[in-house]
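The structure appears below as structure tokens.
Read the figures in this text as sums done on the coordinates, not as results from a lab. These numbers were taken from a predicted model, which means no experiment stands behind them. Positions of Cβ are generated from backbone atoms using ideal geometry, with glycine treated the same way; all protein chains shown enter the neighbour counts.
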Amino acid sequence: TSYSLQVSTDPDFKTTLVDETGITTTSKNIPSLANGTTYYWRVKAVNTGGESDWSEVWSFTTIPAIPEKTTLASPANNSVIQLIDLVLQWETALKATSYSLQVSTDPDFKTTLVDKTEITTTSIEMPVLSNGTTYYWRVKAVNTGGESDWSEVWSFSTISKDAVCQIYSSKSIYIYPNPADKELYFIGIND
């Protein structure tokens, strides 16, 4: 005629979060469970003749909490960089299992040059970028519970070929074409 239900984080039910009797349906909504937690539950049947033994104990684990928002690390916001070996880096986000990265020449990310998901490290080497261009980038943390908000948007600008010549105008420089990419040049400086 009714049921008793126990729910606990302890498989031995030494403490219970739910210990309810007189349930007249075969289901029960349990609100406000914590993320990333294993719960144990059991039921017994009751009528005027007495109570059954407890059912077999079953368990379930709730999804983890959404990861914390990611903090960008390098290159510094608004920096001007050269095109050689550019690596974007960010801080580890609490509870993250992977990251998503977007890079764009548009601060609103209406179009993206890089839109990469399932990154399992906190850095990524960028492909070849254009000279004299401003890029915007952001990262979000992901786990099975969901995804964080995007990080702050940072930007960096690549140095132009003209700027390289101005920086080193007091020195003798040699510019060599890169046969692999006609837009890139090797620069040699004679001090």
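Numbers below:
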read-out: Cα extents of segment 1-82 along the three principal axes, largest first (Å); value: 83, 23, 17
read-out: Too-long pairs where the Cα-Cα distance tops 25 Å, listed order kept, from K14/K69; K14/K44; K28/K140; K95/K116; value: K14/K69; K28/K140
read-out: Segment 16-151: C-alpha pair distances exceeding 26 Å, %; value: 48
read-out: Label-point separation in nm, T26 to K116, each point 7 Å along Cα→Cβ; value: 5.2
read-out: Charge sum, other residues only, whose C-beta stays under 12 Å from S8's C-beta, Lys/Arg counted +1 and Asp/Glu -1; value: -1
read-out: Neighbour net charge for Q102 - beta-carbon separation under 12 angstrom, K R +1, D E -1; value: +1
read-out: Under-5 Å amide H pairs with G146, H placed in peptide plane, nonlocal only; value: none
